[in-house]
Amino acid sequence: MTEQDLSARRALVTGGASGIGLACAREFASRGAHVIIADLNADAAEDAATAVGGESWAVDLSDTAALDDLHLDIDILVNNAGIQRVAPLPEFDPEAFRLILRLMLESPFLLIRAALPGMYERGWGRVINISSAHGLRASVFKSAYVAAKHGLEGLSKVTALEGAPHGVTSNCINPAYVRTPLVEKQIADQAKVHGIPESEVVEKIMLTESAVKRLVEADEVASLAGWLVSDKAGMVTGASYTIDGGWTAR
């Protein structure tokens with residue numbers, strides 16, 4: 001039987017209706033947490049919330065101005081929502097660049113800002129930022145995504161330093177390519193920009209840098225998130241944990 005060590009905790013997972021977010025939501029809920037599924041897709045958020053016995057929050061996190069005065073009464077925050085655009089720098093759409101920065105860096109800042117007062121008051125909190133191997137390494141044609149993830153790494157470390165006296169930890173998880181809808185949607189774009197068939201993208205692009213030649217599973221990321229929110233990880237903060245099959249060992 002799963003230990004109910006999160007039974008008194010409230011967790012917010014962004015992009016929680018699918019992929020890594022949904023896997024994290026299931027992990028926390030199985031341990032007794034009340035999980036809030038935040039997602040742009042209202043129907044998918046409601047379905048996911050029902051499945052884990054939590055609640056849904058249909059929200060466009062790229063509308064960052066609407067988050068300025070937000071207050072969150074939560075113990076665990078997982079910043080996971082993200083999108084991808086692939087194009088050479090001279091062809092990269094400026095509005096797409098701005099969108100990715102708003103969604104994947106500015107909104108995590110605003111959610112952390114909204115959650116910390118309550119965490120400080122209770123003397124306990126966990127912030128998990130779903131970064132990427134691209135938070136530690138760069139790849140061509142992903143200027144906005146790499147910039148956002150590198151910024152998220154810095155934000156996470158500042159949160160760790162400020163949160164430490166209040167019992168709040170902040171860490172990044174840095175997966176390689178995970179078997180999620182976000183990755184599946186990249187295949188056509190990657191094929192186009194690299195000039196190869198879609199059937200060759202996973203092997204020739206996504207797994208090139210990884211020593212272990214397979215995609216990461218969402219449950220593997222969730223298992224690490226589950227440990228990071230446990231009391232056993234109270235001394236773990238300001239860190240970046242790779243699940244990348246050896247990519248960043250190069």
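The values are calculated or read from the model by the stated rules, or taken from the named source; none is laboratory data. All values reported here derive from a predicted model rather than from experimental measurement. Here the Cβ is made from the backbone with ideal geometry for all residues, glycine too, and neighbour counts use every protein chain on show.
None of VAL178, VAL201, VAL229 is in contact with a Lys or Arg (Cβ under 6 Å, 6 or more places away or on another chain) and either without any contact (Cβ under 8 Å) to a residue 12 or more places away in the chain or surrounded by 18 or more Cβ atoms within 10 Å (Cβ to Cβ) (or both) except VAL229.
Scanning the stretch 204-218 for residues that are surrounded by 15 or more Cβ atoms within 10 Å (Cβ to Cβ) and in a helix (DSSP H, G or I), we see that the one that is modelled with the lowest pLDDT is ILE205.
Total residues in the stretch 173-189 satisfying the condition of being touching a Phe, Trp or Tyr at 6+ places or on another chain (Cβ under 7 Å) and in a strand (DSSP E or B): the figure is 2.
From the list SER107, SER156, the one residue that fits, being in contact with a helix residue (DSSP H, G or I) (Cβ under 6 Å, 6 or more places away or on another chain), hydroxyl-bearing (Ser, Thr, Tyr) and assigned to a helix (DSSP H, G or I), is SER107. Of all residues in the stretch 1-39, those satisfying the criterion of being in contact with a strand residue (DSSP E or B) (Cβ under 7 Å, 6 or more places away or on another chain) and either assigned to a loop (DSSP other than H, G, I, E, B) or free of Cβ contacts under 8 Å to residues at least 24 places away in the same chain (or both) are ARG9, GLY15, GLY16, ALA17, ALA33.
Scanning the stretch 74-102 for residues that are surrounded by fewer than 13 Cβ atoms within 10 Å (Cβ to Cβ) and outside any helix (DSSP H, G or I) returns PRO88, ASP93.
Selection within the stretch 40-71: residues that are assigned to a loop (DSSP other than H, G, I, E, B) and aliphatic (A, V, I, L, M). The member of this set that is farthest from CYS24 (Cα to Cα) is LEU70.
Against the list (1) in contact with a Phe, Trp or Tyr (Cβ under 6 Å, 6 or more places away or on another chain); (2) more than 16 Å from ILE112 (Cα to Cα), the condition ASP43 fails is (1). Restricting attention to the stretch 141-166 and to residues that are in contact (Cβ under 8 Å) with a residue 60 or more places away in the chain and farther than 21 Å from ILE100 by Cβ, the residue that is surrounded by the fewest Cβ atoms within 10 Å (Cβ to Cβ) turns out to be LEU161. Note on the stretch 35-49: residues that are farther than 17 Å from SER62 by Cα and either surrounded by 20 or more Cβ atoms within 10 Å (Cβ to Cβ) or of a type in the set (S, T, N, Q) (or both) amount to 4. Considering (1) over 22 Å from ALA23 (Cα atoms); (2) assigned to a helix (DSSP H, G or I), the lone condition that MET235 does not fulfil carries the number (2). Among residues that are in contact (Cβ under 8 Å) with a residue 40 or more places away in the chain, β-branched (Val, Ile, Thr) and not in a loop (DSSP other than H, G, I, E, B), THR242 is included. Of the candidates ALA42, ALA51, ALA87, the single residue that is among the aliphatic types (A, V, I, L, M) and either over 16 Å from GLY15 (Cβ atoms) or touching a helix residue (DSSP H, G or I) at 6+ places or on another chain (Cβ under 6 Å) (or both) is ALA87.
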